[in-house]
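Heads up: the structure comes next, in structure tokens.
The values are calculated or read from the model by the stated rules, or taken from the named source; none is laboratory data. These numbers were taken from a predicted model, which means no experiment stands behind them. Reconstructed Cβ throughout: ideal geometry from the backbone, glycine too, with neighbour counts over all protein chains shown.
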Amino acid sequence: MNNLKRYVIAADMGTTSVKTLLVDRQGTVVHAHSVFYPMSTPSPEIAEQDPDQMADAVLEGIRQLLLESNANADEILCVSFSAAMHSLLAVDDEGAPLTPLITWADNRSAAYAEELKRSGRGKEIYERTGTPIHPMSPLVKLLWLREHEPEVFAKAGKFIGIKEYVFFRLFGSYVVDHSSASATGLLHMHTLTWDSLALSTAGIGEDRLSKPVSASHREVGLPLWAVQRTGLAADTPFVIGAADGPLANLGAGAVVPGSWALTVGTSGAVRTTVSAPLADPMSRLFCYALADGLWTVGGAINNGGILFRWTRDVLATQEAEEGLRRGMDPYDYLTELAHEVPPGSDGLIFLPYLLGERSPYWNSNARGVFFGLSMSHSKNHMIRAVMEGVVYGLHSVAAALEELTGSATEVRASGGFARSPLWRQMLADVLGKSVHVMDSVESSGVGAAYLGLWAMGEVPDLTGIRDWTRVQDSHSPDPATGELYRELTDQFDRLYERLAPEFDVIAQFQAR
Ligand code: ADP
């Protein structure tokens, strides 16, 4: 062990900011710094970012981290990266951007996703690549780009993601970690090489993509300008790392069989780690590489905590104001009101699909429904039903995950929803599993830091990260309440199936 090198720097390139973390060998985040960058959304379909601004933010984030923490450049073992998945950037033969960075949230390729799914080829590509056919996927974005920007498409020397751009700017080579590559819809899961069917569908050869490398791949030899910009030593290794979703599982310690990581922030996700790539025969879940022979299987939902925000801002504004008048966080007050209603909301079921849904249905036409509403239901019932509806949505994903990967022995939970003890207990009761609330808020970054240690040969494998994680609070499922919720989740799933054709009709009506 190289004791002089006390710290790893993690650079976690998210959607709104890059977070740089200074992490010591015990897993303590000694210091953190965020540099924000904007998302350009000139229309609801478009979600683009400036790749140079983002690459500059990484260097600035490292510089500020070193300055603010007083860490010495020669104490840094390595810099290790996490980045948001699914971004696409076309660059010319010199590496200059020909497009903005088209992010996961950009929806312009929606019609191409639908067409690919309808053709049947979509399912085949999903089964080979593990990436759902969805407008987030760079494969689908390429289909859009080819038709809408044919000149850019023809001129592009490479199609890359944001992390590849950062590494190219620093080290002059195009490399992509297997993890980020596996989320492009273009990488064959089993061979870890570019997939011929996906590439022929996109109309590109592999010469127009980066070289896939292991997450432990590192570049050494920081150019002088970057040494000056960051304050790092020139020989600090840069570890390419992995994608933020799989790294969040690593950072949460959900890297052993039966351990799930569940997050509910604005959106939500449930994921587990498996030791071989695994496609879902029903195409409900994704499968992305992590590192070291580990894979992340799971599903993301659109309708997470944002529905509690909608409850606060639209459904229960008066109640939220009352909370404020009482000097409380409105969410805490709404939680109190929900607490007055028994589990199951006296038979009021809420389908939470206000934003359409990703896992398990991948249906952008899905919509919200209050079902079973009667005169005996109060506003408090509705508030509780919304919280339950979000959990029911997660339950549908969890059921698919369980079917594919086996049963969970623990659920490691994080995100804004965990501030509500009622919501956490609801999750335990609905899933029928123990829920542990983790105290780390920076799981992707912490995961990247541990991956850095592993890449440098300082730890033998990735599962040791469980020594870094701390459980803050635990909830056990109540069997009687679980029984009641089982009836309601069965009906919830049936309701979705029965309403699916009607969602298409109303979505079309709304689009008129
Ligand atoms: P993100 O980083 O994705 O924006 P956060 O982790 O900040 O998400 O959480 C945002 C969501 O968390 C809110 O929309 C709300 O649903 C939930 N939340 C935040 N505070 C509370 C609270 N005190 N009680 C219940 N839920 C909360």
Of all residues in the stretch 209-234, count the ones that are in contact with a helix residue (DSSP H, G or I) (Cβ under 9 Å, 6 or more places away or on another chain) and closer than 16 Å to SER180 by Cα.
9
So which residues in the stretch 269-310 are part of a helix (DSSP H, G or I) and either surrounded by fewer than 24 Cβ atoms within 10 Å (Cβ to Cβ) or at pLDDT below 95 (or both)?
ILE306, ARG309, TRP310
Residue list for the stretch 139-176, filter: in contact (Cβ under 8 Å) with a residue 60 or more places away in the chain and either polar (S, T, N, Q) or in contact with a Gly (Cβ under 6 Å, 6 or more places away or on another chain) (or both):
LEU139, PHE168
I'd like to check something: does the stretch 480-502 contain any residue that is surrounded by fewer than 16 Cβ atoms within 10 Å (Cβ to Cβ) and of a type in the set (Ser, Thr, Tyr)?
no
Output the number of residues of the stretch 222-247 satisfying the condition of being in contact with a strand residue (DSSP E or B) (Cβ under 9 Å, 6 or more places away or on another chain) and assigned to a loop (DSSP other than H, G, I, E, B).
5
Positions within the stretch 322-360 being part of a helix (DSSP H, G or I) and more than 16 Å from the ligand (Cβ to nearest atom), in sequence order
ARG325, SER345, ASP346, GLY347
Among the candidates SER420, SER407, SER414, SER396, residue that is away from the ligand (no atom under 16 Å from the Cβ), touching a helix residue (DSSP H, G or I) at 6+ places or on another chain (Cβ under 7 Å) and farther than 17 Å from LEU290 by Cβ
SER396
Which numbered condition VAL30 misses (of (1) of a type outside the set (D, E, K, R); (2) closer than 19 Å to VAL166 by Cβ; (3) touching a helix residue (DSSP H, G or I) at 6+ places or on another chain (Cβ under 8 Å)):
(2)
Would you tally the residues in the stretch 248-268 being closer than 15 Å to PHE286 by Cβ, out of contact with any Phe, Trp or Tyr (no Cβ under 9 Å at 6 or more places or on another chain) and not in a strand (DSSP E or B)?
2
Among the residues of the stretch 423-442, the number that are crowded, with 22+ Cβ neighbours inside 10 Å, within 12 Å of the ligand (Cβ to nearest atom) and more than 14 Å from GLY268 (Cβ to Cβ) is 0
Here are ALA289, ALA300, ALA252: which of them is more than 16 Å from the ligand (Cβ to nearest atom), in contact (Cβ under 8 Å) with a residue 12 or more places away in the chain and more than 27 Å from LEU484 (Cβ to Cβ)?
ALA289
Among the residues of the stretch 37-75 satisfying the criterion of being β-branched (Val, Ile, Thr) and crowded, with 23+ Cβ neighbours inside 10 Å, which is farthest from the chain's Cα centre (by Cα)?
ILE62
I'm checking my understanding of the structure. Among residues of the stretch 218-230 that are touching a residue at least 60 places away in the same chain (Cβ under 8 Å) and not charged (D, E, K, R), which one is farthest from PHE167 (Cα to Cα)?
THR230
Taking GLY95, is it of a type in the set (Gly, Ala, Ser), farther than 15 Å from GLU164 by Cβ and modelled with pLDDT of 95 or more?
no
Select from the stretch 438-467 the residues that are among the hydrophobic types (A, V, I, L, M, F, W, C), under 21 Å from the mean Cα position of the chain (by Cα) and modelled with pLDDT of 95 or more and list them in ascending order.
VAL446, ALA448, ALA449, LEU451, LEU462, ILE465
Having 3 or more residues that are over 23 Å from the mean Cα position of the chain (by Cα) is the bar; report the helices (runs of 4 or more DSSP H) wholly within the stretch 88-192 that clear it.
110-119, 138-148, 150-155, 162-171
